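The values are calculated or read from the model by the stated rules, or taken from the named source; none is laboratory data. On a predicted model such as this, the values are computed, not experimentally measured, just so you know. Cβ placement follows ideal geometry from the backbone for every residue including glycine, while neighbour counts extend to all protein chains displayed.
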């Protein structure tokens, strides 16, 4: 009997399929979009982070550096304990003020929300779900810690 129970536990999936995991995440409200990121399993997921890069492609000059106002918030879904990330609104675009020749053509550039990089814990067992205003794009980058560590000097 113990053997059968052990085999049943080993054969059971750790989590339900990804589609079932989305039950915890409500659909996007009016004017919002729900973006789902499913991460591949890694051997040591504690050594990884996910950087969320949220922004919009706009026409600008090629010289100045631009960014949008706004802040990513993390909210725990009541009754589930899962986190979701929300950008409630995309603020105004700002940038540096270097003078640009008015005859130089504008270019399409992906302009991101300003501030510190939005690094999140890596967890391949749950989707990373981000809610953004319609027309805003969510990109991401995977960061990995180097296995080499250094020692600080007492000072």
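Against the test of being in contact with a helix residue (DSSP H, G or I) (Cβ under 9 Å, 6 or more places away or on another chain) and touching a residue at least 24 places away in the same chain (Cβ under 8 Å), the options 77, 86 yield a single qualifying residue, 77. Would you be able to say whether some residue in region 40-51 is under 20 Å from the mean Cα position of the chain (by Cα), under 16 Å from residue 116 (Cα atoms) and buried (at least 16 other Cβ atoms within 10 Å of the Cβ)? Yes. Condition first: part of a loop (DSSP other than H, G, I, E, B) and touching a strand residue (DSSP E or B) at 6+ places or on another chain (Cβ under 8 Å). Now tell me which residues in region 70-95 satisfy that. Matches in region 70-95: 70, 71, 77, 82, 88, 89, 90, 91, 92.
For region 138-155, a tally of residues being more than 30 Å from residue 111 (Cα to Cα) and either surrounded by 10 or more Cβ atoms within 10 Å (Cβ to Cβ) or in contact with a helix residue (DSSP H, G or I) (Cβ under 9 Å, 6 or more places away or on another chain) (or both) returns 1. Those residues that are outside any helix (DSSP H, G or I) and surrounded by 13 or more Cβ atoms within 10 Å (Cβ to Cβ), I need them from region 17-37; list them, please. Of everything in region 17-37, those that are outside any helix (DSSP H, G or I) and surrounded by 13 or more Cβ atoms within 10 Å (Cβ to Cβ) turn out to be 25, 28, 32, 33, 34, 35, 36, 37.
In the set (1) modelled with pLDDT of 95 or more; (2) under 24 Å from residue 26 (Cα atoms); (3) surrounded by 15 or more Cβ atoms within 10 Å (Cβ to Cβ), residue 118 fails one condition alone, (1). Checking each residue in region 96-120 for being assigned to a strand (DSSP E or B) and over 17 Å from the mean Cα position of the chain (by Cα) picks out 107, 108, 109. Contact map, region 136-155: residues that are assigned to a loop (DSSP other than H, G, I, E, B) paired with residues that are surrounded by 10 or more Cβ atoms within 10 Å (Cβ to Cβ) and modelled with pLDDT of 95 or more, Cβ distance under 6 Å, separation 6+ or inter-chain. Pairs shown: 136/56; 136/90; 145/47.
Residues that are surrounded by 11 or more Cβ atoms within 10 Å (Cβ to Cβ) and closer than 29 Å to residue 35 by Cβ within region 88-106 comprise 88, 89, 90, 91, 93, 94, 95, 106, listed in sequence order.
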